Amino acid sequence: MSKRRAGGIAGTLAALAVGVGLVAERTIVAERRKAAPDADRLGTLHSQARTVIASDGVHLHAEVDEVAPYSRKRRGKHEAPAADLPTLVFAHGYALSLDCWHFQRAALRGKFRMVFYDQRAHGQSGRGEWKNATIDQLGADLGAVIEQLVPTGRVVVVGHSMGGMSALAYADQFTREFSERVTGVALIATSAGDMHPHETISSWIPDGIGEVVALRAISALAKAPELVDSARRLGSNIGYLVVRRFAFGSTNVPPEQVEFLDHMLADTPMEVLGAFFPQFEALDKYAVLGAFTNVATTIICGTRDRLTPLAHSRRLATAIEGSELVVCPGAGHMVIFEKSARVNAAIESMAIAAARPDLRAVASS
């Protein structure tokens, strides 16, 4: 083949690639513009702001959805006193905020008293010293939320991803409080350890190399947070595609959900991402799982979760005797979005099971 012909073919391929790229770019832009109004409506469920003071003095933003004195359960004719039902405390995941619980909040509002809060350095919560950007500190923060916003009565903890790890850390540190107060737990798309975050990007990188590369890359980006954050907040289409690829299991996910999640991620500073990222590799909370045996525990995960694969949930279910594993086919890490109806039903069922035995019959009648 002549150099001229080879050059012509190369030029044609390059032009084709650029053309395909431009078409894809226009498609994504159109998709995002169409989704924007609906995305803006997500995350708009709020109640009066509360402030929780963490053990190190950091102010945590929280909101409480109260419930009427009597709460009608399901379609039965009986009513159960709201005071006898547990309070649901929701802990969100890495790089998110309490707004990520939009679909759960909408479905369960009025049925249970619910507490939502932003994890430290996320959303509207304070940062504190970076040395306290640890899973154990998040467990202590959860303890402070429960102590200050749910001083009495039964508690059900609902944790997604890093929020599930916070629940494990809380049980590990507050053994007595956990056994006396917590009657139900939902562990959603989470893990107790043996995580290899770099595998999300490329499963063919050997663990030893991948761990170092991932940590160095995050650390390098965190050293220029202003530059990185300004680029992220521009809402790049690459970021949109990455979110759709790694956070969801289906390519047919509603674009407004992708846009909503992309906004939340972009609003989380790079410094925060860099501070918490090493915690996932070091996580090991398997020893505390025995404490969940006497608690109504539901474990939920999607089959296409690339961040905390289903194997992690299966291991949790095996270690926690009597737990229920809810597998959502086709869902990714944001199963709370993709399969919200199934997740909501599982949380409600678990919360009812966590109530007094005599109330379970009332709720299901």
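The values are calculated or read from the model by the stated rules, or taken from the named source; none is laboratory data. Remember, predicted model here, so these are calculated numbers, not experimental data. Neighbour counts are summed over all protein chains in view; Cβ atoms, including those assigned to glycine, are modelled from backbone coordinates with ideal geometry.
When region 235-252 is examined, which residues are found to be surrounded by 20 or more Cβ atoms within 10 Å (Cβ to Cβ) and either out of contact with any Gly (no Cβ under 9 Å at 6 or more places or on another chain) or assigned to a loop (DSSP other than H, G, I, E, B) (or both)?
Answer for region 235-252, where residues must be surrounded by 20 or more Cβ atoms within 10 Å (Cβ to Cβ) and either out of contact with any Gly (no Cβ under 9 Å at 6 or more places or on another chain) or assigned to a loop (DSSP other than H, G, I, E, B) (or both): 240, 243, 244, 248, 249.
Out of 288, 272, report the one residue that is farther than 25 Å from residue 88 by Cα and of a type in the set (Val, Ile, Thr). First the steps, then the outcome.
Working: 288 fails: farther than 25 Å from residue 88 by Cα.
Answer to the check: 272.
Does region 281-295 contain any residue that is modelled with pLDDT under 95 and assigned to a helix (DSSP H, G or I)?
yes
Is it the case, given these coordinates, that residue 260 is closer than 19 Å to residue 167 by Cα and either of a type outside the set (A, V, I, L, M) or part of a helix (DSSP H, G or I) (or both)? I'd like the intermediate steps shown before the answer.
Numbers: closer than 19 Å to residue 167 by Cα: no; either of a type outside the set (A, V, I, L, M) or part of a helix (DSSP H, G or I) (or both): yes.
Taking the combined requirement at face value, the residue does not satisfy it.
Show me the strands (runs of 3 or more DSSP E) found entirely inside region 1-118 where at least 3 residues are modelled with pLDDT of 95 or more and in contact with a helix residue (DSSP H, G or I) (Cβ under 9 Å, 6 or more places away or on another chain). First the steps, then the outcome.
Working: elements: 49-53, 59-65, 70-72, 79-81, 87-91, 114-117.
Per the criteria, 49-53, 59-65, 87-91, 114-117.
Counting only residues that are under 19 Å from residue 188 (Cα atoms) and out of contact with any Leu (no Cβ under 6 Å at 6 or more places or on another chain), how many does region 107-118 have?
2
In region 307-364, which helices (runs of 4 or more DSSP H) lie fully inside it and hold 3 or more residues that are modelled with pLDDT of 95 or more and under 12 Å from residue 187 (Cα atoms)? Full working, then the answer.
Working: elements: 310-319, 335-338, 340-353, 357-364.
By residue number, 310-319, 340-353.
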